[in-house]
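Encoded as structure tokens, the structure appears first; notes follow it.
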Amino acid sequence: MYFAALLARTEDGWQASDTELDDVETLSDLTDLAREVSVDEDTVLVFIEQEDAWFGIVRVEGEEDPRIYVSDAAAAARSSYGEILIDELIGRDDDDPADDLDTLDLDGTEDGEPDENDEEDEESPVASGEIVPAGPAGDQEILVDLGLSEGDLLALETDAMAEIAEALGAAEVLETVR
């Protein structure tokens, strides 16, 4: 079971809204969702939590690239929404057109003839996504300027979203969408 919410920073404080992730398939989809609720291109935080197994934060500010933090990369990699974040963090992209070029034989050899100078390249387990290390991944300073230190973020375990919202001064607005 997932909980997902958006916190948008405004002149009057934080505004919260719960969100459905049914149509989210990529980080771009998630970023677009955040930008839709942004007021004057200010900070929007996307919270995703899966039953105390892991949580993730995506921070979107204007047209800048999103910043991502995941509390437990291995746990997140086993879930559909977490996988979106982990793929971005470890550079795994299943839809990269360049991957198709890697499979083409462009070295001038005939099909079936190995290139003598070519050693077998095996992908590393991390690069191919087979192994994702347990523990936090991403930008551990994602909330420092908003009042939550790196150490405090790393120490969060259960009910992390409530503790983060408390540190940001947004606990009451987050509770309205929980």
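Structure notes:
- Residue within region 37-60 that is touching a Gly at 6+ places or on another chain (Cβ under 8 Å) and either free of Cβ contacts under 8 Å to residues at least 12 places away in the same chain or at positive phi (or both) present: yes
- Wholly enclosed strands (runs of 3 or more DSSP E) of region 32-96 bearing at least 3 residues buried (at least 19 other Cβ atoms within 10 Å of the Cβ) and among the hydrophobic types (A, V, I, L, M, F, W, C): 43-50, 54-61
- Test for residue 56: is it in contact with a strand residue (DSSP E or B) (Cβ under 7 Å, 6 or more places away or on another chain) and of a type outside the set (Phe, Trp, Tyr): yes
- Residue count, region 20-31 (criterion: exposed (fewer than 13 other Cβ atoms within 10 Å of the Cβ) and among the polar types (S, T, N, Q)): 1
- Residue count for region 140-175 satisfying the condition of being in a loop (DSSP other than H, G, I, E, B) and either at pLDDT below 90 or not hydroxyl-bearing (Ser, Thr, Tyr) (or both): 10.
- Residue 18 being touching a residue at least 40 places away in the same chain (Cβ under 8 Å) and closer than 24 Å to residue 166 by Cα: yes
- Scanning region 122-129 turns up no residue that is at pLDDT 50 or above, among the charged types (D, E, K, R), surrounded by fewer than 16 Cβ atoms within 10 Å (Cβ to Cβ) and more than 20 Å from residue 30 (Cα to Cα).
- Residues of region 63-78 that are more than 15 Å from residue 145 (Cβ to Cβ) and either under 10 Å from the mean Cα position of the chain (by Cα) or not acidic (Asp, Glu) (or both): 66, 68, 70, 71, 73, 74, 75, 76, 77, 78.
The values are calculated or read from the model by the stated rules, or taken from the named source; none is laboratory data. None of these values were measured; they are calculated from a predicted model. Please note: Cβ atoms are built from the backbone with ideal geometry, for glycine as well, and neighbour counts cover all protein chains shown.
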